[in-house]
Amino acid sequence: EAKSSGGDTLCFFDPIMLSIVTARATMEADIRTGIYQQQFLLYYQPQVNSAGKLIGAEALLRWQHPLKGMISPADFIPLAEESGLIIPLGTWILKTACQQLRAWSSDRQTASLTMAVNVSAKQFRQPDFVKSVLSTIEEIGIDARKLKLELTESLLVDDIEETICKMNQLKAHGVCFSLDDFGTGYSSLSYLKRLPLDQLKIDQSFVRDILIDPNDAAITRTIIGLGKSLGLAVIAEGVETEAQLAFLQSQDCHAFQGYLFGKPAPELNMLRKLVSA
Ligand code: C2E
Ligand code: MG
Ligand code: MG
Ligand code: MG
């Protein structure tokens, strides 16, 4: 069968296909082991306001692989999603981020900080997602209003009614929502109006060339204006230079995240410094 249907058919004995399948299976097993052996950790990246004052952080997943070193989430989240391993991983991420948030809350210096946590589509689509978030909040004992879940556009429009329902259930307990990588995905304005969001997060691809590409500058301006009209906060991600910051501030953007303020890092000592800045 495979032989008769031509060259690009997926053939069982194709050595290249076989090596790809093997590599994927190996990584999947590695992720399982990694969860079990606690090779995953969270880094935290500061989020600041116009005055440069620390207002919160985003939790970013890292994988300290015993042989391959630090692996970037971009290299394993897609496979973790496909394999379903993002579910146990996502549970661990939320729990760990909430524990860190509780630690901040109990220290006067860091008491007001918020925590942003990325949620993958597969995770959000789980029937017990709402229940699992609420029980984590309760078990760890954090103020839900300080927890901000970052969702992406594609996730939101997938099943809009279910999405709104889940978001509202969590919002009723105080949980906030930010729309990550805004502007890169597919989202119509009518969806945006219906979703109970708190914040839009301008994607770093627009921020990067904000001073050299007039289109990126225009898109950024539009997103900030849109946020204002819809009553949503706007945060810019990927801010690396003072010039980018100045431009964003001139456009009335009030929250920022990027290397200019701090790279994602494992410790909050860096955060403490920023609090008192
Ligand atoms: P994201 O949520 O949009 O996170 C922002 C990414 O931009 C992070 O990459 C961060 O390190 C990077 N970044 C921050 N500031 C700057 C900057 O000034 N310049 C540049 N060039 N980059 C900057 P990271 O940590 O590699 O994460 C990549 C993506 O992986 C994230 O994009 C998110 O989609 C996903 N991810 C990370 N952690 C998690 C997680 O815990 N759960 C899920 N589901 N996805 C995650
Ligand atoms: Mg994010
Ligand atoms: Mg983003
Ligand atoms: Mg991104």
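The values are calculated or read from the model by the stated rules, or taken from the named source; none is laboratory data. In this text, all values refer to a predicted model and were calculated from it rather than measured experimentally. Using ideal geometry, Cβ is built from the backbone for each residue, glycine included, and neighbour counts are taken over all protein chains shown. Just so you know, the surface numbers come from the protein's heavy atoms only, side chains and all, with ligands and any DNA or RNA stripped out. Shrake-Rupley method; radii C 1.70, N 1.55, O 1.52, S 1.80 Å.
Please get the size of the charge dipole for the range 141-244, origin at its Cα centre, with Cβ charges of +1 on Lys and Arg and -1 on Asp and Glu, quoted in debye to the nearest 20.
Magnitude of the dipole: close to 560 debye.
Taking trypsin sites (Lys or Arg not before Pro) that fall in a DSSP loop and have at most 13 other Cβ atoms within 10 Å as cut points, what is the longest piece of the chain between them?
Counting only loop sites that pass the neighbour cut-off, the longest clear stretch is 69-277.
Ignoring ligands, DNA and RNA, please state the percent of accessible area on the range 23-122 from carbon and sulfur, probe 1.4 Å.
55 percent
Say we join alpha carbon atoms closer than 10 Å with springs in a Gaussian network model of the chain; which of ILE16, ILE202, ILE137 then has the biggest fluctuation?
ILE16
Holding the Cα-Cα limit at 18 Å, pick out from LYS122/LYS166; LYS146/LYS171; LYS171/LYS228; LYS53/LYS146; LYS131/LYS171; LYS193/LYS228 the pairs that are longer than that. Spell out each step's value before the answer.
Working: LYS122/LYS166 14 Å; LYS146/LYS171 12 Å; LYS171/LYS228 20 Å; LYS53/LYS146 16 Å; LYS131/LYS171 13 Å; LYS193/LYS228 12 Å.
As for pairs spanning more than 18 Å Cα to Cα, those are LYS171/LYS228.
Compute, for the chain, the length of the dipole vector about the Cα centre, with Cβ point charges of +1 (Lys, Arg) and -1 (Asp, Glu) only. Units Debye, rounded to 20.
Numbers: 26 positive and 32 negative charges, 197 e Å.
Roughly 940 debye for the chain.
Could you please state how large a percent of the accessible area of the range 129-217 is carbon and sulfur, counting protein chains only and using a 1.4 Å probe?
Numbers: 2010 of 4070 Å².
Using a 1.4 Å probe with all protein chains present, the range 129-217 comes out at 49 percent carbon and sulfur.
Report the FRET efficiency, 1/(1 + (r/R0)^6), for LYS68 and ASP143, where r is their Cβ-Cβ distance and R0 is 41 Å, rounded to 0.05.
Once the sixth-power term is evaluated, E becomes 0.60.
With a probe of 1.4 Å, find how much accessible area the range 199-239 has per residue, and write the answer as a whole number in Å².
Numbers: 1770 Å² over 41 residues.
I get 43 Å² per residue for the range 199-239.
Figure the gain on full extension for LEU230 and ASN49 (residue separation times 0.36 nm, minus the Cα-Cα span) and round it to one decimal in nm.
This chain segment gains 63.2 nm when fully extended.
Any idea what angle helix 15-36 forms with the longest principal axis of the chain, computed on alpha-carbon atoms, 0 to 90 degrees, nearest 10?
Taking the Cα atoms of the chain, the angle to 15-36 is about 50 degrees.
When ligands, DNA and RNA are left out and all protein chains stay put, how many square angstrom of accessible area per residue does the range 30-139 have with a 1.4 Å probe?
In whole numbers, the range 30-139 has 46 Å² accessible per residue.
With a ≥ b ≥ c taken as the square roots of the eigenvalues of the C-alpha gyration tensor of the chain, please select rounded if a/c is under 1.5 and otherwise prolate if a/b is larger than b/c or oblate if it is not?
Prolate.
Computed FRET efficiency, Cβ-Cβ of LYS95 and ALA265, R0 35 Å: what is it to the nearest 0.05?
0.95
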